[in-house]
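In what follows, a structure is listed as structure tokens, so that the remarks can point back to it.
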Amino acid sequence: MKKTVLSLILTLSLLKAFSQQNEGILLYDQKINMHKRMQDESMKAMVPEFRTNKMQLMIRATESLFKAAAQPNEEEENSDANGTTVRMVIRVPQNETYRNYETQKSVELRELAGQKFLIEDSLRRMPWKLAGETKKIQGYDCMKATMTNKATNQPIVAWFTEAIPVPSGPAGFGGLPGLILEVDVNEGDMIYSLTKAEFKKLAAGDIKLPSGGKKITEAEFTKKRDEFMKEMGGQGGIRIIRN
């Protein structure tokens with residue numbers, strides 16, 4: 001009888017611990033290869049090759065909200081070949097990505113050139129393929145999945161864990177049988193890596209639909225972004241001020 005009671009207690013404890021793994025806040029590092037985004041060699045000499053931003057993903061069962069964590073804007077000063085002081089203002093866009101895998105709804109707030117745009121859509125199935133490889137990330141057993149972004153023809157590699165039963169991940173990546181802890185976009189162009197997981201009960205308003213931007217379609221936003229990047233010479237979120 002004692003063994004039966006003890007077994008029942010252990011089972012209930014494990015179930016409770018497992019159920020608590022689907023709600024909380026996960027912190028990621030977003031590592032960007034800045035040089036791969038630049039054509040001008042002189043610009044590359046003034047900008048560090050890699051930049052790391054702090055991001056956070058809030059999860060609750062079948063919904064999630066991904067956005068930048070609190071961080072100050074950064075400024076760096078360098079000198080060009082002519083001795084001119086160049087001040088670079090680096091700012092993390094205040095984008096938000098909401099996913100609801102039960103209602104199959106997607107809402108994204110994207111910032112571009114000082115303007116905010118709201119993109120609402122249904123979730124699209126990501127053509128993941130399991131690669132049969134495993135590794136540990138922050139103590140979690142993870143499995144490898146791959147896909148190719150058809151719009152950009154970029155290879156995507158994701159590592160997910162079934163220990164966290166949430167089909168989400170950073171930057172809108174998801175649709176796998178467990179949370180994505182690491183994503184490699186275009187062979188190191190951009191890498192998201194889990195740094196910390198804190199499972200706890202979230203407040204009712206912690207995960208909410210993004211709002212406040214001009215409604216626009218994905219295609220319309222892509223066109224605006226491409227035009228902006230062309231004007232900026234591929235510098236993205238870096239603004240150059242020459243003194």
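See the values below:
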{"quantity": "In Hz, Karplus ³J(HN,Hα) per residue of region 113-126 (6.51, -1.76, 1.60; θ = phi - 60°; x = Gly, Pro)", "calculated": "6, x, 10, 10, 10, 10, 10, 10, 7, 8, 5, 9, 5, 8"}
{"quantity": "From phi via Karplus (6.51, -1.76, 1.60), per-residue ³J(HN,Hα) for region 159-175 in Hz, x at Gly/Pro", "calculated": "10, 10, 10, 6, 5, 10, x, 10, x, 10, x, x, 6, x, 6, x, x"}
{"quantity": "Accessible surface of region 128-236, 1.4 Å probe, proportion on carbon and sulfur as whole %", "calculated": "50"}
{"quantity": "Neighbourhood net charge (11 Å Cβ-Cβ; Lys/Arg +1, Asp/Glu -1) for residue 24", "calculated": "+1"}
{"quantity": "Burial order of peptide ranges 171-182, 215-226, 49-60 (average beta-carbon count within 10 Å, highest first)", "calculated": "171-182, 49-60, 215-226"}
{"quantity": "Which listed pairs, of 135/208; 129/215; 44/230, have C-alpha distances above 23 Å, in listed order", "calculated": "135/208; 129/215"}
{"quantity": "Between region 151-180 and region 104-147, the Cα center-to-center distance that results, in Å", "calculated": "5"}
{"quantity": "Sorted peptide list for 25-31, 102-108, criterion being average Cβ within 10 angstrom, highest first", "calculated": "25-31, 102-108"}
{"quantity": "Sites residue 214 and residue 105 - FRET efficiency at Förster radius 22 Å, r taken between beta-carbons, to 0.05", "calculated": "0.70"}
{"quantity": "Distant-in-sequence amide H partners of residue 154 (H built 1.01 Å from N, under 5 Å)", "calculated": "149"}
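The values are calculated or read from the model by the stated rules, or taken from the named source; none is laboratory data. Note that the structure is a prediction, hence the values are computed from the model and not measured. No Cβ is skipped: glycine too gets one built from the backbone with ideal geometry, and neighbour counts run over all protein chains shown. Note: accessible area is taken over every heavy atom of the protein model, side chains too, but ligands, DNA and RNA are not part of it. Shrake-Rupley method; radii C 1.70, N 1.55, O 1.52, S 1.80 Å.
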